Each structure stands twice: as C-alpha cells, then as structure tokens.
Amino acid sequence: MKILLFDIDGTLIRGGGCGRKALNKAAEVLYGRKHACSELTLAGRTDLYNFGATYKFATGKRPTRAAVERLHQEYLRQLPRYVKSAIRTKTYHIPAGLKTLLKHLSRDERVLLGLGTGNMEKGARIKLGPSGFNSYFLFGGYGSDAFHRHTLLKKAVARAKRLAKRPFTHDDVYVIGDTPFDVSAGKKAGFKTIAVGTGYAEWKELVAAKPDHLAKDFRDINKWLKWFGLN
C-alpha cells in the first residue's frame, strides 16, 4: 500500500495568492490593519503559525487560541471571493501533468491519496474546489491538526491506517510538496519525500533540501510511478 500525501499551495494548485489576500482582508476587517501578512513568509508554514504571526503583526499582542480561531473564521468568510477572483483573472493554475497523474493514481487500488497541507481543512477544501481534486483526497493532515508540519503528516498517516485494507510501512509513505518545509517535515516524520518545482521555492532551495526525488513538474508520469514503486 502506498500513502501519497500532497501539499496544496504551489503543489496541487497555484491560487494567485488567494490565501494571503483573504488573510490580509480578514486582519483588516478585525483589526483595521491593512496588509498585515504581506511581509510574512507564509509558504510551507501551517495556518496555525500564519494566523498567529498575522495576529501578532496586526495587533502587537501575543496570539491566543481564541484570537487565532476568530481570525480563522473571518478568513474562511473572505477566502471564497478571492478564489473566485483568481479564477476570473486566470491566476488560478493547475501544474502541468498533474490531472493525468492524479487520475491514474486514483484508479490504482494500491494507492491512498491524501493531503499533507498547512491549510486548515475547510480552507484547503475551498482552495481545491475549482480544481475538481477534492474527490481524490478522502483524508489528510491539516494545519488545524498541528502547529508543526511533521506532526500533521503523522495525523494524515493515522487516518490512512483507518482506511487502508493492506499493511504499509514508513517507506510506503510519500510527502509531495513544493518547498523545503515540505521536505524537512517529511524527513522528520520518517517518510519519503519528493520536491516539485511547481510552486514558490527557488530550484536551488529544493536541491539543497535533499529530497529523495526532485522534479520540475508532474508531466513524466512513468518517472513518478517509478518513484512511487507503482510501475
């Protein structure tokens, strides 16, 4: 059994900055501070981290669980409009070759497709909506599960175990992402890692992260299947 955990932003989709824009707007609505997260590095982080950092930047106060949840709820109210805007302005993109790969993987009984994302679960599903990919991913590990990425990846695998009808080991779990954070989290969790140059990190940063495999995109399906041990 192969457990394949895909990141979202920069890996499954590029959403034209819809998440950052929604978070900026949420902070403006709640705290009157514009562009609260514009200078923050969000890619590869969890939403729990990002929301807390945005709250601190906007208010100067230490984030509490209640404050982060309030910001989260406002973010969810704002996010759909920015996703729709990305579609309208044609800044919502799906990486080359991904649709073909996911379609193939979804038909393989040896595969469980999951999400390993820093997004809160509801936000993740909103972002993926226009791609049509939500139906491929029946489980995942989310930013709502943990502050650190390696912990949410372990949560995803725990959920996979409840779905799996065959045994698997850590070597059968693959973390696919577009940033060094995805690679380091996957390694820390003890899983295989594949970095893909479809997102926001520079190529040299992905090389330096030393994933098990590295690809520019998803177009060479045979190469991907070989890496997964499915060829």
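Mind pulling the angle between the C-alpha long axis of helix 18-31 and the longest principal axis of the chain? Nearest 10 degrees, somewhere in 0 to 90. Tilt of helix 18-31: around 30 degrees.
Quick one: grab the alpha carbon gyration tensor of region 177-229, order the square roots of its eigenvalues as a ≥ b ≥ c, and give me rounded if a/c is under 1.5, else prolate or oblate depending on whether a/b is larger than b/c. Taking the square roots of the gyration eigenvalues as a ≥ b ≥ c, region 177-229 is oblate.
In a reduced charge model with +1 at each Lys and Arg Cβ and -1 at each Asp and Glu Cβ, region 164-231 shows a dipole moment near 240 debye about its Cα centre. Under a no-solvent Debye model with one identical scatterer per Cα of region 18-88, what's log10 I(q)/I(0) at q = 0.17, 0.23, 0.27 Å⁻¹? Taken in order of the listed q values, log10 I(q)/I(0) reads -0.53, -0.97, -1.30.
Could you state the angle between the C-alpha long axis of helix 149-163 and the longest principal axis of the C-alpha atoms of the chain, as a value from 0 to 90 degrees rounded to the nearest 10? The angle comes out near 50 degrees.
This model, with +1 at the C-beta of Lys and Arg and -1 at the C-beta of Asp and Glu, gives region 18-88 a dipole about its Cα centre of some 140 debye. Shape of region 34-160 from its Cα gyration tensor (a ≥ b ≥ c, root eigenvalues): rounded if a/c is under 1.5, otherwise prolate when a/b > b/c, or oblate? Oblate, because a/c is 1.5 or more while a/b does not exceed b/c. For the chain, with a Gaussian network of springs between Cα atoms less than 10 Å apart, report the residue from 89, 198, 11 with the top mean-square fluctuation. Largest GNM mean-square fluctuation: 89. Each Cα pair under 8 Å and six or more residues apart adds its separation to the average, and for region 18-88 the resulting relative contact order is 39 percent. Remark: the residue 56-residue 225 segment gains 56.5 nm on full extension, using 0.36 nm per residue and subtracting the alpha carbon distance.
Counting only Cβ charges, +1 for Lys and Arg and -1 for Asp and Glu, the dipole size of the chain around its Cα centre is about 480 debye. Taking a ≥ b ≥ c as the square roots of the eigenvalues of the Cα gyration tensor, region 142-231 is classed as oblate, since a/c reaches at least 1.5 and a/b does not exceed b/c. Here the convex hull built on the C-alpha positions of the chain has a volume of 113 cubic angstrom per residue. The label point for residue 161 and the one for residue 64, both projected 7 Å from the Cα toward the Cβ, are 3.6 nm apart. Think of it as helices only: each DSSP H run of n ≥ 4 in the chain is worth -39500 (n - 2.57), and spread over all residues that comes to -14500 deg cm²/dmol at 222 nm.
Positive end of the dipole of the chain (Cβ unit charges, origin at the Cα centre): among 152, 221, 206, the Cα lying farthest that way belongs to 152.
Going toward the positive end of the dipole of the chain, with +1 on Lys and Arg Cβ and -1 on Asp and Glu Cβ, which of 30, 57, 170 do you reach last? Farthest along the dipole direction, towards plus: 30.
What's the angle, to the nearest 10 degrees (0 to 90), between helix 180-189's Cα axis and the longest principal axis of the chain? Roughly 60 degrees between the two axes. Given region 162-202, what whole percent of its Cα pairs are spread farther than 15 Å? Roughly 45 percent, once rounded to a whole number. Counting other Cβ atoms within 10 Å as a rough exposure proxy, the listed residues 219, 20, 65, 33 run 65, 219, 33, 20 from fewest neighbours to most.
Ranked by how many other Cβ atoms sit within 10 Å of their own Cβ, fewest first, the residues 18, 37 fall in the order 37, 18.
Only the coordinates and a few stated rules stand behind these numbers; no lab work does. The model shown is predicted, which means the values in this text are computed figures rather than measured ones. In this analysis, Cβ positions are derived from the backbone assuming ideal geometry, glycine residues included, and neighbour counts consider all displayed protein chains.
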